[in-house]
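A.B. asks: Below is the structure I would like to discuss, written out as structure tokens.
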Amino acid sequence: MDFSEKVTIVTGGALGIGGGISRKFAEKGSKIVIADIDLDSANINSKKIEDMGGKCEVIKTDVSKSKDIENMVKFTIEKYGRIDNLIQNAFSTGNFSEEFSGSAMKVSEEGWDKGIAMLQKAIFLGAKFAGKELIKNNGNIINISSVHGLLMSKNAIVYESGKSAVIGMTKQMACDFGPLGVRVNAICPGHIVTEKMEVRWKEMPKGLRFFEEQYPVRRTGVPEDIANGVAFLCSEEASFITGHSLVIDGGLSIQLQEDFGVDQAKYAQSHDVEFPY
Ligand SMILES: NC(=O)c1ccc[n+]([C@@H]2O[C@H](COP(=O)([O-])OP(=O)(O)OC[C@H]3O[C@@H](n4cnc5c(N)ncnc54)[C@H](O)[C@@H]3O)[C@@H](O)[C@H]2O)c1
């Protein structure tokens, strides 16, 4: 897999899954633009990339703002002259504020609009503004969904709706962009232990152990697990794959619920368990 001469934009590329994707693409030779709301963390990741011998530019971007996404595309063209891969990843675990949590009866209309702007509208706007440039290079769009786009959790109308929509939008955009030479795919990660999650799990190691037990591979994921999938989907080896949502979850979502429920109850009976929530 060689991405030399390629240019990749990673939204939310400062930390977590996006941070890992930025480093993976740099390792494979791509020039990187980190488009993130958190400039300090973006600059730290950019420095890591430069220290690896890569090239990285940073632009402050809030993906809930149309103008910021338009500027991100303009900035990339000014800096590098082309765009090959647009990785639409931004949404923070820190964004799970009160206003996005709850059922349809609890979430305010304003909370819905704000959450969906980041989770769904940003995906549309990224394709809208970068589309013309991606077409020039037979490029790729990768949208980060979640196992929460496939299976629903209670009290999470905003996140589950946004992540399900990403899967549908990926298929729709693949139909429009395919004839123009651009492939559009999604990834559905299971639980990925990012820098922020590490802090949480340090305080609750038995909670993490309980999570790991729920995965057939008996571990949770790391950003590199997702970065590897994104790199594959953007590579020539995946040139016949479009409109696909690749589940990278260590088998979490393939289990029969009845079986799974009994196994977890047995585990909880025989272990000193901490429940993560
Ligand atoms: N970590 C997981 O277990 C997991 C599982 C499934 C899906 N996901 C998805 O993966 C993506 C990344 O999640 P993560 O866990 O790495 O999150 P994270 O909080 O560790 O990192 C998110 C990054 O996005 C940036 N960001 C947040 N809001 C932004 C905005 N409005 N505009 C631009 N940048 C913004 C943050 O500054 C940060 O650098 C999200 O779309 C998330 O929903 C995460």
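Read-outs throughout are calculated quantities, based only on the coordinates presented, and are distinct from any laboratory measurement. In this text the structure is predicted, and so the values were computed from the model without any measurement. Neighbour counts run over all protein chains shown; Cβ positions are idealised from the backbone, glycine included.
A.B. asks: Which of the residues belonging to the stretch 149-158 are more than 22 Å from L86 (Cβ to Cβ) and either within 11 Å of the ligand (Cβ to nearest atom) or in contact (Cβ under 8 Å) with a residue 24 or more places away in the chain (or both)?
C.D. replies: L150, L151, K154, N155, A156, I157, V158
A.B. asks: List the residue pairs whose Cβ atoms are under 7 Å apart, where the first residue sits in the stretch 1-18 and is more than 13 Å from Y80 (Cα to Cα), the second is in a loop (DSSP other than H, G, I, E, B) and more than 6 Å from the ligand (Cβ to nearest atom), and the two are 6 or more positions apart or on different chains.
C.D. replies: As it stands, the answer is M1/K28; M1/S235; D2/K28; D2/G29; F3/K28; F3/G29; F3/S30, since those pairs meet every condition given.
A.B. asks: Still on this structure, I have one more. Give me a count of the residues in the stretch 177-206 that are closer than 25 Å to A238 by Cα, of a type in the set (F, W, Y) and within 15 Å of the ligand (Cβ to nearest atom).
C.D. replies: Total satisfying the criteria: 0.
A.B. asks: Here's another thing I want to ask about it. Just checking, does the stretch 92-100 include any residue being surrounded by 15 or more Cβ atoms within 10 Å (Cβ to Cβ), in contact (Cβ under 8 Å) with a residue 24 or more places away in the chain and over 30 Å from E5 (Cβ atoms)?
C.D. replies: So far as the stretch 92-100 goes, yes, one or more of its residues are surrounded by 15 or more Cβ atoms within 10 Å (Cβ to Cβ), in contact (Cβ under 8 Å) with a residue 24 or more places away in the chain and over 30 Å from E5 (Cβ atoms).
A.B. asks: For the stretch 236-265, name all the residues that are more than 16 Å from the ligand (Cβ to nearest atom), assigned to a loop (DSSP other than H, G, I, E, B) and more than 23 Å from R23 (Cα to Cα).
C.D. replies: F240, I241, T242, G243, H244, Q255, L256
A.B. asks: Of the residues L256, L180, L252, only one is buried (at least 18 other Cβ atoms within 10 Å of the Cβ) and out of contact with any Cys (no Cβ under 7 Å at 6 or more places or on another chain); which?
C.D. replies: Sole residue among the options that is buried (at least 18 other Cβ atoms within 10 Å of the Cβ) and out of contact with any Cys (no Cβ under 7 Å at 6 or more places or on another chain): L252.
A.B. asks: If the Cβ limit is 9 Å and pairs must be 6+ apart or interchain, which residue in the stretch 107-133 that is touching a residue at least 12 places away in the same chain (Cβ under 8 Å) pairs with which residue that is of a type in the set (D, E) and in a loop (DSSP other than H, G, I, E, B)?
C.D. replies: What qualifies is M118/D62; E133/D84.
A.B. asks: Determine whether the stretch 203-211 contains at least one residue that is in contact (Cβ under 8 Å) with a residue 12 or more places away in the chain and not in a helix (DSSP H, G or I).
C.D. replies: yes
A.B. asks: Moving to a separate point now. What's the total number of residues in the stretch 1-34 that are within 13 Å of the ligand (Cβ to nearest atom) and either in contact with a Cys (Cβ under 6 Å, 6 or more places away or on another chain) or farther than 22 Å from M197 by Cβ (or both)?
C.D. replies: 2
A.B. asks: Related question: Quick test for you: out of P216, P223, P276, pick the one residue that is surrounded by fewer than 15 Cβ atoms within 10 Å (Cβ to Cβ), of a type outside the set (D, E, K, R) and in contact with a helix residue (DSSP H, G or I) (Cβ under 6 Å, 6 or more places away or on another chain).
C.D. replies: Criteria check complete, one pass: P276.
A.B. asks: Which of (1) more than 16 Å from the ligand (Cβ to nearest atom); (2) hydrophobic (A, V, I, L, M, F, W, C); (3) surrounded by 12 or more Cβ atoms within 10 Å (Cβ to Cβ) does L233 not meet, given it meets every other one?
C.D. replies: Among (1) more than 16 Å from the ligand (Cβ to nearest atom); (2) hydrophobic (A, V, I, L, M, F, W, C); (3) surrounded by 12 or more Cβ atoms within 10 Å (Cβ to Cβ), L233 violates only (1).
A.B. asks: Ok, one more. Can you tell me which residue is surrounded by the fewest Cβ atoms within 10 Å (Cβ to Cβ) among those in the stretch 19-58 that are of a type in the set (G, A, S) and within 22 Å of N138 (Cα to Cα)?
C.D. replies: Looking at residues that are of a type in the set (G, A, S) and within 22 Å of N138 (Cα to Cα), I get G29.
A.B. asks: Something else now. Consider the stretch 125-165. How many of its residues are assigned to a loop (DSSP other than H, G, I, E, B) and within 15 Å of the chain's Cα centre (by Cα)?
C.D. replies: Residues meeting the conditions: 3.
A.B. asks: Separate question: Looking for whichever is within 27 Å of H191 (Cα to Cα) and touching an Asp or Glu at 6+ places or on another chain (Cβ under 8 Å) here; the options are I83, I37. Which one fits?
C.D. replies: The unique qualifying residue is I37.
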